[in-house]
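To start, the structure itself, in structure tokens.
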Amino acid sequence: MLGFLVRRVAVLIPTFIGVSLVAFIFIRLLPGDPIYVMSGERTLPPERYQELIHQYGFDQPIWKQYVVYVEQLAHGDLGTSINTKRPVLSEFMALFPATVELSLAAMLIAIVLGIPAGVIAAVKRGSILDHGLMSTALVGYSMPIFWWALLLIIVFAGWLGIAPVSGRIGLTYFFKPVTGFMLIDSLISGQKGAFQSAVSHLILPSIVLGTIPLAIIARQTRSAMLEVLNEDYVRTARAKGLPPSRVIGIHALRNALIPVVTTIGLQTGYLLTGAILTETIFSWPGIGKWMIDSISRRDYPAVQGGLVLIALVVMAVNLAVDLVYGLVNPRIRHVG
Amino acid sequence: MKRFAYLMATTALALGVALGAAEAKGLVYCAEGSPEGWDPALYTAGTTFDFSSQPVFNRLVEFTPGTTKTQPGLAESWEISPDGLEYTFHLRKGVKFHTTDFFTPTRDLNADDVIFSFDRQGNKDNPWYNYAGGNWEYYVGMSMPDLVKSWTKVDDYTVKLTLKSPNAPMLANLAMDFASIVSKEYADQLAKDGHMDDFNQKPVGTGPFIYVDYQKDAVARYKANPDYWAGKPKLDDLVIAVTPDAAVRVQKLKAGECDVIPYPNPADIEALKSDASLTVMQQEGLNVGYLAYNTLQKPFDDARVRKALNMAINKQAIIDAVFQGTGVAAKNPIPPTMWSYRQDTVDDPYDPDGAKKLLDEAGVKDLKMKVWAMPVQRPYNPNARRMAELIQADFAKVGVTAEIVSYEWGEYLKRGAAKDRDGALLQGWTGDNGDPDNFLNVLLGCDGIGGTNRAEWCNKEFDDLVKKAATISDQAERTKLYEQAQAIFKDQAPWATIAHSVITVPMAKKVQGFVMDPLGHHQFGNVDVTE
Amino acid sequence: MAEIPLRDPAGTEVHARPGRLADFWSHYAENRGAVIGLAVFVLLVFLAVFADFVAPYAPDAQFRDAFLQPPSWAEGGSARFLLGTDAVGRDMLSRLIHGARYSLSIGVVVVALGLLLGVVLGLVAGYFRGWIDTVIMRVMDIILAFPSLLLALVMVAILGPGLENAVIALALTLQPHFVRLVRGSVLAERGKEYVVSARVAGAGPIRLMFRTILPNCMAPLIVQATLSFSNAILDAAALGFLGMGAQPPRPEWGTMLAESREFVLRAWWVVTFPGLAILVTVLAINLIGDGLRDALDPKLRRS
């Protein structure tokens, strides 16, 4: 297992170097000028402009900028945001828990609803229930989630007026972040109603973000279950007269879940993509929205650092998925 | 789903109870964006000022609420020397800086704080000059380095400002956000502890509200300053929540989660006005949106061509479709709320036939041109692309083919300012200090060519009038000069003046004493709430 | 956007034989959803191709007397504009019909570009192995380490917002999936008897790659292409929604949705219809994709 781990990490190193190089190159290729965005309609005098360009090091030759960048990266320094003038890493860390919380909630919804839906559809194969569930799943899988979010806002906030549509918690609650996870912090704070408020703010965004993973998991679970139900050992178990709930619950589901777990892990990349849209629509203070804002502000250091950090997160999660998969399925350890 | 609805309902109920039960008077303002930082002198965005300079800080001179006139602030009084070069400010005594859990002041405001506040922005040897990236954008933007000769301390409560040349708008400059007075004692303490960056994270000022806490991109909290020199604010707590989506802000206002919101979508305003639980305040903003021709290029160097195109534009359709009624057609380059606005100006009529005739007269046939549309929403133009589409259709009717071009915002600003820009540019301006000089000289003076003068228009007669007006302190005399300048502008038509937007601030009925600020700030120092 | 794990591609073999098409169709037609999806898709293609004749008005015709008019059946609507008008008085129905052109052609071009790149790189990597394989696959790893939409956003920011650039960015973010798929198939096929005998018979590498191996990787590739088609449409709409895709006044659905966001509480029709159009299109293509997978993948046919 250790050898497997070392091999996996070793493969990641060149990828990470590549990722940091790509982020660097992208930023140098970006047209537009953060300094002009900063000054708005009030254009800067040319001397002042030169001064600022120099201050941010944009007047250095590219290779020198790259050397500085790599040196800083090696020290865990991702530069300073032009917009807020704070370190990119601390900006990222301040917002990252919000994205993690939203993603976990979305995955929770997807798993809790998706796996049972898939199992039921597989067991009742060909029934109206199966068709209904799978049609719904396909609609969910085809959903433009930014539009789905707007619809939910129209219905739950506009017509019914029962759901909050932005932020992470009601504005009447006030406590210092301890973990950065609003659900936990609101519980720690001990303030009455704070937890409910945090939950209610989380519901619509996590439904939106969870929709596509939910559909994928339901479909995946169904086909994995169907395959397993046809396997000999399940047939044997059935033939032996074990109760159906036991056959499905213990024998079939456990084996069907192996590919499903991989599917769940593979959703990380999607969750970050979806978070960009979901956070933008629900004003959720996470890294997706931060990246969008940083791109439109041409906040070079923030975009560059953000790309590196997000890629790092994706790689780390994929590694974790590999490891888990390696654990449940020892065959794979010796491949690749 | 039923359980979900139930959960929502109970939560809403719990929220309502929590709000009703609160004894302290609180107000929630849902701002349109996040503050970039907390030291007002580092930034230029109005959003940032709503978080920092307005609640937390004061200036030597303040704008009288609701006007662009100035009144005493931290300076109780001042004298200006007859030659207009020396300003002597007498500071208010007994003004306390905020006591917070990160700073306790040991002395009152004095001349050192005032000198420090400006010295750090202009003096390269000041240790604070380079902190937090050291971009004193507004100080530079208002040409302060070219205007100010020195700041000197006369005694603890007297400060003298010496100028290089007389400049009538200076007093208004000192009422601007970048001129907020910060605490030197706090700065010294942070420098000693090696936490200089905190100066831009945890503000300490003299203003009506004390900074308590800020959660990035989410919410900032303040409490009333009990020692405020102008009297303790009526609100006990102020919350400013970051709510970037305009539709969401309206939603939250209706739900009672926000008490005051800025910039609702024009489309929602009618519904807000008809809502009995809300008050909707409106005022013409201190801005102008315009289409600037490049007067250095053929055929736009011919005033007849510019006039003809102006006549081809159906402004009313733009007001209806782009501003949804929240704008007024502009005939002058300065907004109607500004002194010296020329009432007598007659706007170019909407007259496609006349436009065609005028183009023929100028010998222009089959004109192909570019119309630049900015990619972002601005206070003076809620949707430049839509505006450009309408103008494109209008131009087509007089035989002019317009192509709409756009760039990323920074690129747009850079390329739009270039002297060899190809095409007419949609642009605009929001006033900084309420002085006509800030529009007429900055946007149309010869010095602005290749920069803020997007029409690249240099008219000697106009320029002389405007330059002269800046050196005179008598307002009536200045008004006359500015009116003449506006007449020349209209005659020469370097721009198609399009619209002044109307700023709308909807709020809950319980909010009392809110005053709309022509400069676009949202201030809560005098606001009260009634249950 | 998301990936549906595919069946093991190595298990799929399609060999040419007479009546293949009829056989394929009979399997495809078993899936009722797939047939419906195909019908909807054909209708959409028809609308897109003949938009100029079908749409009641030009997509950019502004009716200054009818800003934000509701659909015909709603209060205040009229039969003149079946689905109402937008903020500058353009007919929603006409814009939606013309929008089908954009969405479908985006999908086609993105998939074509992605396929081209992916097939070539995948064949090369799988056939030659060695350092060239390592380099190609590392580059693909790097691309896949970024969330696709984020990568596309940054690339569009570099190239400049616009439909063409969005297409290029999306094709680049999509192609690693094709590369991996083709490479995997090639690795599985290259040792098989028919490849070896073709090589012995003197076939060159190009011929081996494209004529001998590629046709036998087609089934999973077709399924993946269909899925990519719908993902490309969704991602392009998302880019448009974020203001980085097609630029107004082009009636691309995502862009229309972005333009209409401010009316979310006042004029539901400008928000609802473009999104519905995206959903229906993507759904139709995914139905086809499911049908294709079932029909092409014998392993799954029994389910």
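We did not get these values from a lab; they are worked out from the coordinates using the rules stated. Please read all numbers here as calculations on a predicted model, not as lab measurements. Cβ placement follows ideal geometry from the backbone for every residue including glycine, while neighbour counts extend to all protein chains displayed.
Before moving on, here are some points about what is shown:
- Global geometry of chain B, whether rounded, prolate or oblate, following the gyration tensor of its Cα atoms and the 1.5 cut on a/c: oblate
- By the count of other C-beta atoms within 10 Å, a proxy for reagent exposure, A:T136, B:T295 are ordered fewest to most as A:T136, B:T295.
- Straight-distance crosslink candidates among aspartates and glutamates, where the alpha carbon sits under 20 Å from A:K240 and sequence neighbours closer than 8 are dropped: A:E227, A:E231, A:D232
- Charge tally for B:K252 (other residues, Cβ to Cβ under 13 Å; Lys, Arg +1; Asp, Glu -1): -3.
- In this structure, the residue pairs whose Cα-Cα separation is over 18 Å, taken from B:K153/B:K232; B:K331/B:K467; B:K307/B:K468; B:K234/B:K510; B:K160/B:K468; B:K273/B:K510, are B:K153/B:K232; B:K331/B:K467; B:K307/B:K468; B:K160/B:K468.
- Between the range C:33-100 and the range C:210-284, the alpha-carbon centres lie 17 Å apart.
- Exposure proxy shown here: for C:Y194, B:Y341, B:Y87, the number of other Cβ atoms within 10 Å sets the order, fewest to most, as C:Y194, B:Y341, B:Y87.
- Structural size metrics of the protein assembly as shown, computed from C-alpha coordinates, are Rg and Dmax of 32.1, 109 Å.
- 3J(HN,Hα) along the range B:418-431, derived from phi through the Karplus expression 6.51 cos²θ - 1.76 cosθ + 1.60 where θ = phi - 60°, amounts to 5, 5, 9, 4, 9, x, 8, 10, 7, 8, x, 7, 10, x Hz, with x in place of Gly and Pro.
- Between the range A:214-270 and the range A:140-167, the alpha-carbon center distance in angstrom: 33
- With a 10 Å cut-off around each Cβ of C:58-65, the average count of Cβ atoms from other chains is 2.
- Proxy reagent accessibility, fewest Cβ within 10 Å first, across B:W136, B:W372: B:W136, B:W372
- Euclidean distance between Cα centres, the range B:102-155 to the range A:277-317, Å: 35
- Within 10 Å of the Cβ of each residue in A:45-53, the mean number of Cβ atoms contributed by other protein chains is 3.
- Average partner coverage of B:311-318, which counts Cβ from other chains inside 10 Å: 1
- Take every DSSP beta bridge whose two residues both sit in the range B:287-503; close to 65 percent of them are antiparallel.
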